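The values are calculated or read from the model by the stated rules, or taken from the named source; none is laboratory data. Note that the structure is predicted; figures quoted are calculated from it, not measured. Because the Cβ atoms are built from the backbone with ideal geometry, glycine has one as well, and the counts that use them run over all protein chains shown. Ligands, DNA and RNA are excluded from the accessible area calculation, which covers all protein heavy atoms including side chains. Shrake-Rupley method; radii C 1.70, N 1.55, O 1.52, S 1.80 Å.
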Amino acid sequence: MMVCMSSVWRRGSVFAARLRTQDWACGLAGFSHRFYSTKTAPQIPGMEYQDAICTLNTLQTNASALEQVRRERSHPQLQMQAMRGFLERAGLTVEQLDHLNIIHVTGTKGKGSTCAFTEQILRSYGFRTGFYSSPHLVQVRERIRINGQPIVKELFTKYFWQVYGRLDETKDAHGGTMPAYFRFLTILAFHAFLQEKVDLAVIEVGIGGAYDCTNIIRRPWVCGISSLGIDHTQILGDTIEKIAWQKGGIFKPGVAAFTVKQPEDAMVVLRSRAEETRCPLWVCPELEDYQADCGPLRLGLAGQHQRSNASLALQLTRTWLQKRCLPGGPVGLEAVSRLTAPCPGSTDQSFPSTGVENTAGRQVASFKPSPTMVTGLADTEWPGRSQTLKHGAVTYFLDGAHTMRSMQACVHWFRDTAAQHERSASGPVARVLLFNATGERDSAAMLKLLVPCDFDFAVFCPNITEAVASCNADQQNFNVSVENMLTRCLDNERSWHLHHGAGNTKGTQRLIEDGLDPERKADTLVFPCILSALQWITQGRDLVLADPAERDLPVKPSVMAKAAPLCDAAEIHILITGSLHLVGGVLKHLDMASSK
């Protein structure tokens, strides 16, 4: 960390000098957004990818940015006003965003998967896609995807310094303010998509909807709301009705919106929001209602919960294609009949009306997906969500579930999938849970859901990839201290014991040299970082983690002795869940390609 930050500050003065002296095409010093175009501005030589990431991370700790965020939480309407100001300072206008042909998606559970299905289908049609999502798993550039791939380091670096430079040059005239981390990345994504001339942009909401900075979009082509539940209560409210009100804030007049089946209390609020906004709102049918020539639709993402996400994606893509294929559109009106067809017996022989009359949350008819849609659903990949990786005798089950509903879905998926793998195992299988949770989430309640999975060990660690000092800037989080993270892990371990009826154990035993760990029984351990946890769980049986370059803190012999069940097992099955950041840290060590 110190290496990283010193690099930033050393280059900072050089960067400022270049901004003052270099003759940029857009003239940063006296910049006015009215004269901005999306032509590529020159890249500042010498400012590299890691410099960009370390500078980006300062926006997590910028005092003025954090103070602005706190102030806006009391007056959320100020959030959109501030976002418009930052957008203009970066040289963009809301009118330019209209040209991105946006699909805007919110929800509590499944919005990222819905976006992944949607993007894959439209890319399968040959469109050049942009996709903005959060959080990232391994590298921050995963949040900004071009044609399904994280934006390459060279483009991320170039566009980062273009946007950062314009904001930095104008900050003195605006009280020294810079946008906070997520807000900056949203502006950067818009800039990158305009520069790369995408045919469409799939935009996933960060938190909520009404006051999320992505909601600066004023003319999306279609909107979607995935499954709703209780999450981010300090920001969105503590009832399903309050949360539904926030999510319905992305509705726009005359823009078709789709949602999956919701709890009735939430649906009442969504209908009311749609009527107020004059937004036609439709409820998606079950995936089984779509009749394809190939039989039941096959999904690239595992789990029953993905079926409603796939149905929502089908309606979003169908509606987007309809608009694209209007007379004069690039695809041509004659293509409409080839895109989709209503299912036999359907009373709806056309695309949904864009008027608000007679919709009020009615269910939209299913249709016959085109072969391209069928292929797109089957080819969809979305790492860290119901993902299985097999490394020899070790199988990893990764799911970033972090709400009660998503954890219920995770448990259902894991029990089914792990059972299938165990049936084909060559001998006894050891089951291990690797868990962490962050923020305000009720980790004790989530852990209770995991108890019936019959784990042999429950292992807890913070979202720290490795204890050895390194400049892993992409995964640094300055919003919570290491002490708080470790305390949370110990609390999680106590909750696990309580759920098992072990009571509140006392006393500690240091299990790892120079690390933390309480007591305890052989079935629970707490490690100071992800790498230490993985190396203990796998016991040298995953060659990726056994690489000398991946060594971490030494473990005491007494702790190694507790691993006898792992050594005796023919296979080790590990469920990693509770946090997408935890899953991302695991993938950093398991998937070398994702770290390059």
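How big is the stretch 126-243 along each principal axis, measuring the range of its Cα positions in Å and listing the largest first?
Projected onto the principal axes, the Cα atoms of the stretch 126-243 cover 45, 43, 31 Å.
To one decimal place, what Kirkwood hydrodynamic radius in Å is obtained for the stretch 83-190 from all pairs of distinct Cα atoms?
Numbers: mean 1/r = 0.0664 Å⁻¹.
So the Kirkwood estimate lands at 15.1 Å.
For the stretch 175-255, take every pair of Cα atoms, bin their distances at 5 Å starting from 0, and report each bin as a whole percent.
3, 13, 22, 21, 18, 14, 6, 3, 0
The stretch 363-502: Rg/Rh from Cα coordinates, Kirkwood Rh?
Working: Rg = 18.4 Å, Rh = 17.8 Å.
Over the Cα atoms of the stretch 363-502, Rg/Rh equals 1.03.
State the percentage of accessible surface on the stretch 134-222 attributable to carbon and sulfur atoms; use a 1.4 Å probe and exclude ligands, DNA and RNA. Walk me through the intermediate numbers first.
Working: 1140 of 2390 Å².
For the stretch 134-222, the apolar C and S fraction of the accessible surface comes to 48 percent.
Within the set 252/323; 556/588; 261/448; 111/252; 111/242, which residue pairs have Cα atoms separated by over 23 Å?
Numbers: 252/323 16 Å; 556/588 25 Å; 261/448 26 Å; 111/252 18 Å; 111/242 18 Å.
556/588; 261/448, as the Cα separations exceed 23 Å there.
Check which residues have an amide H placed less than 5 Å from residue 252's amide H, if you skip close sequence neighbours.
none
Nearest 0.05, what FRET efficiency do residue 543 and residue 261 give at R0 = 56 Å with Cβ-Cβ as r? Mind dumping the intermediate values first?
Details: r = 45 Å, r/R0 = 0.81.
The calculated FRET efficiency here is 0.80.
List the residues of the stretch 189-207 whose backbone N lies under 13 Å from a point placed 7 Å from the Cα of residue 147 along the Cα-to-Cβ direction.
Inside the label zone: 196-199.
Starting from the amide H of residue 202, placed 1.01 Å from N in the peptide plane, find each other amide H under 5 Å away whose residue is 5 or more places distant or on another chain.
Under 5 Å from the amide H of residue 202: 103, 130, 131, 132.
Report the FRET efficiency, 1/(1 + (r/R0)^6), for residue 71 and residue 481, where r is their Cβ-Cβ distance and R0 is 35 Å, rounded to 0.05.
Values: r = 23 Å, r/R0 = 0.66.
My answer for the efficiency is 0.90.
Could you go through the stretch 558-575 in sequence order and give the Karplus-derived ³J(HN,Hα) for each residue, using 6.51 cos²θ - 1.76 cosθ + 1.60 with θ = phi - 60°, rounded to whole Hz, and x for Gly and Pro?
5, 6, 4, 5, 6, 8, 3, x, 6, 5, 7, 6, 5, 9, 10, 10, 10, 9
Please give the length that would be gained between residue 174 and residue 422 if that part of the chain were fully extended, namely 0.36 nm times their separation in residues minus their C-alpha to C-alpha distance (nm, one decimal). All intermediate terms of the calculation are to be shown ahead of the outcome.
Values: separation 248, 0.36 × 248 = 89.28 nm, distance 6.04 nm.
My answer for the length gained is 83.2 nm.
For the stretch 254-297, what percent of Cα pairs sit more than 12 Å apart? List each step's numbers first, then the result.
Numbers: 620 of 946 pairs.
Distances greater than 12 Å cover 66 percent of the Cα pairs.
Amide H of residue 227: which non-local residues (sequence gap of 5 or more, or other chain) have their own amide H closer than 5 Å, using H built in the peptide plane?
It is 108, 109, by chain and number.
Just subtract the alpha-carbon distance of residue 491 and residue 78 from 0.36 nm times their residue separation and send over the number in nm, one decimal.
So the extension gain works out to 145.0 nm.
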